[in-house]
There are 2 protein chains.
Amino acid sequence: MKRTYFAIAVLSMSVLLGALLTAAAPAQTPPVISPDVHADKSVTFRFRAPNNKEVAVIVEGAPKPLAMQKDDQGVWSVTTEPLAPDYYGYTIIADGVGLFDPSNHTVKPNFLVRASELHVPGPASLPWEIGTVPHGEIHHHFYKSVVVGDDRDYYVYTPPGYDARGKQTYPVLYLLHGFSDDASAWTAVGRANVILDNLIAQGKAKPMLVVMPLGYGAPEVLLPNSGVWRDPAITQRNFDKFREALLTEVIPRVEGEYLAAKDRNSRAVAGLSMGGSESLLTGLNTLDKFGWIGAFSSGGITEEFDKEFPALDPKSAEQLHLLWIACGTDDRLIDINRKFRGWLASKNIKHVDIETPGAHTWMVWRRNLTEFSALLFR
Amino acid sequence: MKRTYFAIAVLSMSVLLGALLTAAAPAQTPPVISPDVHADKSVTFRFRAPNNKEVAVIVEGAPKPLAMQKDDQGVWSVTTEPLAPDYYGYTIIADGVGLFDPSNHTVKPNFLVRASELHVPGPASLPWEIGTVPHGEIHHHFYKSVVVGDDRDYYVYTPPGYDARGKQTYPVLYLLHGFSDDASAWTAVGRANVILDNLIAQGKAKPMLVVMPLGYGAPEVLLPNSGVWRDPAITQRNFDKFREALLTEVIPRVEGEYLAAKDRNSRAVAGLSMGGSESLLTGLNTLDKFGWIGAFSSGGITEEFDKEFPALDPKSAEQLHLLWIACGTDDRLIDINRKFRGWLASKNIKHVDIETPGAHTWMVWRRNLTEFSALLFR
């Protein structure tokens, strides 16, 4: 039988695919395998670049870049110590330029950072490993934002067994990404859907909807050299317009379409980094709408907490079921988070202080989500 | 007011983000802007690589790679002729290695090819441009395939106004990607949801569900040097197991969850390249289930058409509402598609011959989908 079509097809699959398959693995050289996870969980990164002078790899959470060495084939490589099972972002730095690993098809969505994804597999007991459990679904929504003035999107996770034709309503967690992320970050990188699938199957989390909106009220914060975080006006607009879009556009859309419980006791807001601050600014200033608040490694607000949270006082705060403030002890934002928690304490506002190992990384935030989501709606 | 948090946050956002933002735009050099679309629709590609010897860019559909020139800052660049408004994939080839453009955050999902996305904007009349029209939703589903033996996914587009709580049922188009694509290709690259949103708003297409499954029955076809297309056994298994998974796993799940019409007159199957062949092999051999079939630039089946389509005869083929066979005239698969159409004609099987300008590219397939979907379910 002739099986020649696809040889032809691959060659003809546009100059792009044809040349790329060739470029990716020249006939005379073996394909570059990277990342290469070994039995002992050490990982070898490889990158073909015969003429580069200096190549290194930055692995998420590692204290410093790992220098790579070039072999006589022009392939640079380095092998790590054994790594804890997890998902890690990493970036090849070739003569000072950050690159995706061309040998790896899994990339992290991000507006500013180019990072590929490394999976060091672990036991099924790890909450981010896909388990033999029922899976929820991820719904991608598109709309024109009048508040911000752009076309944007948000994602909604529905738990296993969710039936839009049913009567049961579900509590809702609004889960916010960090600066430079896009709206897919919490599922594509944070694996929120896998974590919730597993926790729900184990009875550790209540079945809930998780809504993941785009977190920018002023999208120009993403422009190169916008200097946004030194410009109070842009920063303020970014937070204010995000909050307005969430409250007046996203929440009404979600509650109109999904079987969502619509009382403050059934509404939580949490996020990481910029999204942590957005969760605090939105939640603590809108206590009539949110009963549960989580802030993971948050930053971006000023130290003038009285001005940032004008609506917050011990009496109103009594309505809160949970105010959960977490940060990794190796994160430079730990000091600011401690200051904020000190301010809350000085005002006798009940909250939970969480300090964990780790830096400003997704390894910390996946664990934060695992712990926080298990506490919700009890 | 102190706005220092986020300066700190960006620095501390793991060694990864901190170093990357630095690496992406060293303080002493301006950030590299690429791709840079000019008013006349010409495009400048740029890539910082001071020590590379040869850098080129391959643009989807272009006859050959474009050589880039290095300036005294170590930045390589080239400017194209004005390009027709469209979405193009492109890849930087640095000393023979295909790379994503590190200055561009939009990448094309693909298991084998690293390509970034270029958008040359055009008028709202272009079907793939986001219009001021109601938008449908994209639903991402995950399940364990017993047929193939892996955890896999599929996507479902629901048209604007779809109400799971309603009574109306919708016809369903099963839309299949090509070799090397993943299940998100038809939306992320093919913009199927945008095209359907626009056609439906204009009354040019009937509101329909579009189901986009993972197209591999034998996932090992994706392994480097699997030589799959020269191995009849793997190729056969890839097609057979895909078909079995579609008919016994995906379709029952979709029809159980969505308001899908369940008769052959309301079921279409179409795809590109490998997916075009899968559409023919599945549709023409299962005429009791599909009334509408489309094959775009298809390849991968043998020339022994009588053996590939044992269930097909002129009598049974009379049940078909549409058999639509398209290919670009610059695609090397045009000859095979002409042969196949000739075989259909020799058996007096009614079909539509479509030959368009273009090669084996998404520019062709977006237009194929636009034309084909408008004909469905009439």
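For region B:42-164, what ratio Rg/Rh do Cα atoms give with a Kirkwood hydrodynamic radius?
Numbers: Rg = 19.2 Å, Rh = 17.5 Å.
That ratio is 1.10, to two decimals.
Taking the Cα of B:E257, stepping 7 Å toward and past its beta carbon, and measuring to each backbone N in region A:121-162: which are under 14 Å?
Answer for this model: A:134-140, A:156-162.
Could you tell me which of B:T361, B:V210, B:A188 has its Cα farthest along the dipole of the protein assembly as shown towards the positive end, charges placed at Cβ (Lys, Arg +1; Asp, Glu -1), taken about the Cα centre?
Final value for the positive-end residue is B:V210.
In debye, nearest 20: dipole of the protein assembly as shown around its Cα centre with unit charges on the Cβ of K, R (+) and D, E (-)?
Here the protein assembly as shown has a charge dipole of around 960 debye.
With all protein chains present and a 1.4 Å probe, how do B:D331, B:D263 order by accessible area, largest first?
Details: B:D331 5, B:D263 65 Å².
Sorted descending by solvent-accessible area, the residues read B:D263, B:D331.
How big is the protein assembly as shown by Rg and Dmax over its Cα atoms, in Å?
Taking only Cα atoms of the protein assembly as shown, I get Rg and Dmax of 26.2, 87 Å.
Which angle from 0 to 90°, rounded to the nearest 10, does the C-alpha axis of helix A:14-24 make with the longest principal axis of chain A?
80 degrees
Distances from B:G256 to the same position in the other copies: list them in nm, one decimal, shortest first, using label points 7 Å from Cα along Cα→Cβ.
Copy-to-copy label distances for B:G256: 3.2 nm.
Applying 1/(1 + (r/R0)^6) with R0 = 25 Å to the Cβ-Cβ distance of B:L222 and B:E355, what FRET efficiency is obtained, to the nearest 0.05?
After rounding, the FRET efficiency stands at 0.25.
If you bin every alpha carbon distance in region B:102-192 into 5 Å steps from zero, what whole percent lands in each bin?
2, 10, 16, 19, 20, 17, 9, 5, 2, 0
Semi-axes, largest first, in whole Å: what does sqrt of 5 times each Cα gyration tensor eigenvalue give for chain B?
Computed over chain B, the values are 39, 25, 21 Å.
Please report, for B:S316, the nm distances (one decimal) from its label point, 7 Å out from Cα along the beta-carbon direction, to the equivalent points in the remaining copies, shortest first.
Ordered by increasing distance: 7.0 nm.
Buried by at least 40 Å² relative to the chain on its own: which residues of region A:77-106 qualify, computing accessible area with a 1.4 Å probe on protein heavy atoms?
Output list: A:D95, A:V97, A:L99, A:F100, A:P102, A:H105.
Rounding to the nearest 10 and keeping the result within 0 to 90°, find how far the Cα-based axis of helix A:334-346 lies from the longest principal axis of chain A.
Roughly 10 degrees between the two axes.
What is the angle, in °, between the Cα long axis of helix A:362-375 and the longest principal axis of the Cα atoms in chain A? Nearest 10 is fine, range 0 to 90.
40 degrees
Collect residues whose amide H, placed 1.01 Å from N in the peptide plane, falls under 5 Å from the amide H of B:H139; neighbours closer than 5 in sequence don't count.
Here the answer is A:H140, B:V156, B:Y157, B:T158, since their amide H atoms fall under 5 Å of that of B:H139.
From the backbone phi of region B:319-325, what are the Karplus-calculated ³J(HN,Hα) couplings (6.51 cos²θ - 1.76 cosθ + 1.60, θ = phi - 60°) in whole Hz, Gly and Pro given as x?
Result, ordered by residue: 6, 6, 7, 7, 10, 10, 10 Hz.
Of all the residues in chain B, which one has the C-beta that comes nearest the axis relating B to A, and what is the distance in Å?
Value returned for chain B: B:A164, 2.
Ignoring ligands, DNA and RNA, please state the percent of accessible area on the protein assembly as shown from carbon and sulfur, probe 1.4 Å. Mind showing how you got there, number by number?
On the way: 15360 of 27720 Å².
Carbon plus sulfur share of accessible area: 55 percent.
List the trypsin sites (Lys or Arg not before Pro) within region B:53-144 that DSSP assigns to loop and that have no more than 14 neighbouring Cβ atoms inside 10 Å.
B:K53
Relative to the Cα centre, what is the charge dipole magnitude of region B:251-329, using +1 at the beta carbon of each Lys and Arg, -1 at the beta carbon of each Asp and Glu, and rounding to the nearest 20 debye?
260 debye
Run the paramagnetic zone check for B:T106: 7 angstrom along Cα to Cβ, then residues of region B:45-62 with backbone nitrogen under 20 Å.
B:45-47, B:57-62, by backbone N distance to the label point.
Give me the accessible area of A:R243, 1.4 Å probe, in Å² rounded to the nearest 10.
Roll a 1.4 Å probe over it and A:R243 shows about 70 Å².
Given +1 on the Cβ of Lys and Arg, -1 on the Cβ of Asp and Glu, and no further charges, what dipole in debye does region A:69-195 carry about its Cα centre, rounded to the nearest 20? Write down the numbers at each step before the final one.
Working: 8 positive and 15 negative charges, 110 e Å.
Once rounded to the nearest 20, the dipole reads 520 debye.
What number do you get for region A:153-235 when its Cα radius of gyration is normalised by 2.2 N^0.38 Å, N = residues?
So the Cα radius of gyration is 1.38 times the expected 2.2 N^0.38 Å.
Put simply, what bits of region B:36-70 lose 50 Å² or more of accessible area when the other protein chains are there, versus the chain on its own (1.4 Å probe)?
Residues losing area: B:N51, B:I58.
Probe of 1.4 angstrom, ligands and nucleic acids ignored: what's the accessible area per residue over chain A, in square angstrom?
Details: 13850 Å² over 378 residues.
Counting only protein heavy atoms, the per-residue value for chain A is 37 Å².
State, to one decimal in nm and shortest first, how far the label point of A:T302 sits from each corresponding label point in the other identical copies (label point: 7 angstrom along Cα-to-Cβ).
7.6
Interface B/A, total buried accessible area with a 1.4 Å probe, nearest 100 Å²? Mind showing how you got there, number by number?
Numbers: alone 18100 and 18060 Å², together 27720 Å².
The B and A chains share an interface burying roughly 8400 Å².
5 Å is the cut-off here: which amide hydrogens, built 1.01 Å from N in the peptide plane, fall below it relative to A:W76, excluding neighbours closer than 5 in sequence?
Distant-sequence amide H within range of A:W76: A:F47, A:R48, A:A49, A:D71.
Using heavy-atom solvent-accessible surface (probe 1.4 Å) with all chains present, what is the largest-first order of A:K350, B:K315?
Solvent-accessible surface, decreasing: A:K350, B:K315.
Name the long-range amide H neighbours of A:H105: under 5 Å, sequence gap of 5 or more, or other chain; modelled H, no Pro or chain starts.
So A:H105 has HN proximity to no qualifying residue.
Nearest 500 deg cm²/dmol is fine: what mean residue ellipticity at 222 nm does chain A get from its DSSP H runs of n ≥ 4 alone, each adding -39,500 (n - 2.57), divided by its residue count?
It comes out at -7500 deg cm²/dmol, rounded to the nearest 500.
Within 11 Å, Cβ to Cβ, of B:E60, how many net charges do the neighbouring residues add up to if Lys/Arg are +1 and Asp/Glu are -1? Walk me through the numbers on the way to the answer.
Numbers: positive: B:K108; negative: B:D86, B:E117.
With Lys, Arg at +1 and Asp, Glu at -1, the net is -1.
The values are calculated or read from the model by the stated rules, or taken from the named source; none is laboratory data. Predicted, not measured: the structure shown is a model, and the values here were computed from it. Don't worry about glycine lacking a Cβ; one is built from the backbone with ideal geometry, like all the others, and counts go over all protein chains shown. Note: areas computed on protein heavy atoms with side chains; ligands, DNA, RNA excluded. Shrake-Rupley method; radii C 1.70, N 1.55, O 1.52, S 1.80 Å.
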